[in-house]
Every structure is written in C-alpha cells, then in structure tokens.
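Report on the structure given below.
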Amino acid sequence: MAAVTKARVRATYERIAEPFAASRSEPWPEVLSFATTLPSNARIVDVGCGNGRHARTLAAEGHPIVAVDFARNLLLIGRRGSRGRIWGAHIGWVQGEATTLPVRSGSMDAALCVAVLHHLPSVEERLCALREIRRVLAARGRAFVSVWALDQPRFRRAVEARKDLPADVRGDVEVPWTLPDGVVVPRYYHLFQEGELERLIIESGLHGERFFRGPGNLFAEASSHG
C-alpha cells in the first residue's frame, strides 16, 4: 500500500464525490436513535458530514448544525441539496479538518463523527480528532462515533496477510470505489480491532458512556466532563 496522507484521502473523496453522495442518502438508524437523547435545539457539529445525510435530517428536527468536511465537492453537494428548504437555514456548511475543527471551544451540545476516524491515516490523527470533539463540546456535551470493524468476513484475507505487522497498522486496507466510467479508485481505511476505539476515547479525555456494534461497525457514545 502506498503511503497514505490526509491530502491523499481528501483528493480521493473530491474525485468520487458525486457518485459517493448519490449512494449516501439515508441517515443511519443508530444516529437517529442517538439524536432522540439530545435536548431540543441542541447545537450539533457533524464532523466529516459528507453530503449531509445526517445534518439535513437533524436540521429538519430543529437542531442548529455545523456541518464540517474536508472535501469541498461533498460540501457543495450538501449545500445544493439544502437550498430552498425550510431547514436549510439551520445548517452552516464549513470546510475544515477533523483534526483542527473550525469551531469555537465549548460551543456545541453534541458531535457526530460517523465513518470518519477510520479514514485518518495515523493513531495520532485519530486521537487528535477525538480531542477536538472534546474541545468543542460544552460541559456534559455528548458525542456519537462510528468506525469500521476489523473482523468483517470480507476483509479476512487482507487481515490474515497483515497479521504480523504492528497493531497500529495491521488494520490498514484499501477498499475500491468504481466510478461510472469503470475507473477504480482505492480508498484508505483503518479497520478497528476490538477495544481500539475504547482506548482512543479514554485517551482523548472523553468519557465513554456506551460501546456497541452493528453489522461491520463499532460504535461509541461519549460525553465531555463538567
């Protein structure tokens, strides 16, 4: 696998933005369930919002949303889809990175970080993103995080071939995305081992409230102290 950087990951998603967004239209039920635990009009930062499938759903429920993504093309698609909608005014679309959120400290009641950490190419960057979420959350603010799990049957062969590598890179894989013209674009993923997300949450200073799993995914609900 070629050396992976955030710039390379960003370039991938700029390139595949249109077909990727078309395949990501419905919000995850786990996110909707988490949202039911939030107060009315909770200020939410959607870290790695993509085309805004979660941002628009939560905005329609009256939550003010700061939708952050590093891929400009995905943000443009999200903004275009919210134009003219009553709830569109509830979303602020902001280009930025998970590791340096352009959000004021202590200003958010909740944070979403759905399918984001596994695209960051180092432990340090994943930890930094979680610390940024802790920074922007108000006292007793809550966070919802999801990552892809290592123990998916489709990755068994790739993981077996990398079993002797250090633990922090053992789960690094490339997942192909095929464009409409047939060109295959590799996407970087770091697949999380059992307990890995829990350790990052603890090290970031967030308080882990609940850890659970779904098909192919590991989930965490956490909160800031105070």
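Side notes on the structure shown:
- Top-ranked residue in the range 61-90 [being at pLDDT 95 or above and either touching a His at 6+ places or on another chain (Cβ under 8 Å) or assigned to a loop (DSSP other than H, G, I, E, B) (or both); ranked as surrounded by the most Cβ atoms within 10 Å (Cβ to Cβ)]: ILE65
- Odd one out for ARG157 among (1) in a strand (DSSP E or B); (2) free of Cβ contacts under 8 Å to residues at least 12 places away in the same chain: (1)
- Qualifying residue in the range 24-41 (condition: crowded, with 19+ Cβ neighbours inside 10 Å, modelled with pLDDT of 95 or more and of a type outside the set (A, V, I, L, M, F, W, C)): no
- The listed residue being surrounded by 19 or more Cβ atoms within 10 Å (Cβ to Cβ) and touching a Ser or Thr at 6+ places or on another chain (Cβ under 6 Å), out of VAL114, VAL103: VAL114
- When the residues of the range 1-49 are filtered to those that are in a loop (DSSP other than H, G, I, E, B) and hydroxyl-bearing (Ser, Thr, Tyr), the one that is farthest from PRO186 (Cα to Cα) is SER40.
- Scanning the range 128-148 for residues that are assigned to a helix (DSSP H, G or I) and buried (at least 19 other Cβ atoms within 10 Å of the Cβ) turns up ALA129, LEU130, GLU132, ILE133, ARG134, VAL136.
- Yes/no for ALA98 being modelled with pLDDT of 95 or more, buried (at least 20 other Cβ atoms within 10 Å of the Cβ), small (Gly, Ala, Ser) and touching a Cys at 6+ places or on another chain (Cβ under 6 Å): no
- Inspection of the range 184-193 finds a residue satisfying the criterion of being loosely packed, with under 13 Cβ neighbours inside 10 Å, modelled with pLDDT of 95 or more and farther than 23 Å from ARG131 by Cβ.
- Conditions (1) closer than 21 Å to SER25 by Cβ; (2) touching a residue at least 24 places away in the same chain (Cβ under 8 Å): number failed by PRO64: (1)
- Residue within the range 163-183 that is surrounded by fewer than 12 Cβ atoms within 10 Å (Cβ to Cβ), of a type outside the set (Ser, Thr, Tyr), in a helix (DSSP H, G or I) and out of contact with any helix residue (DSSP H, G or I) (no Cβ under 7 Å at 6 or more places or on another chain) present: yes
- Scan of the range 13-23 for residues that are closer than 27 Å to ALA143 by Cβ and surrounded by fewer than 18 Cβ atoms within 10 Å (Cβ to Cβ), ordered by number: GLU14, SER23
- Of the residues PRO121, PRO102, the single one that is part of a loop (DSSP other than H, G, I, E, B) and touching a Gly at 6+ places or on another chain (Cβ under 8 Å) is PRO102.
- Here the range 72-116 is the region considered, the condition is being of a type in the set (Val, Ile, Thr) and farther than 26 Å from ARG15 by Cα, and the residue that is farthest from the chain's Cα centre (by Cα) is ILE86.
The values are calculated or read from the model by the stated rules, or taken from the named source; none is laboratory data. Since the structure is predicted, the reported quantities are computational estimates derived from the model, not experimental observations. We place every Cβ from the backbone using ideal geometry, glycine too, and count neighbours over all the protein chains shown.
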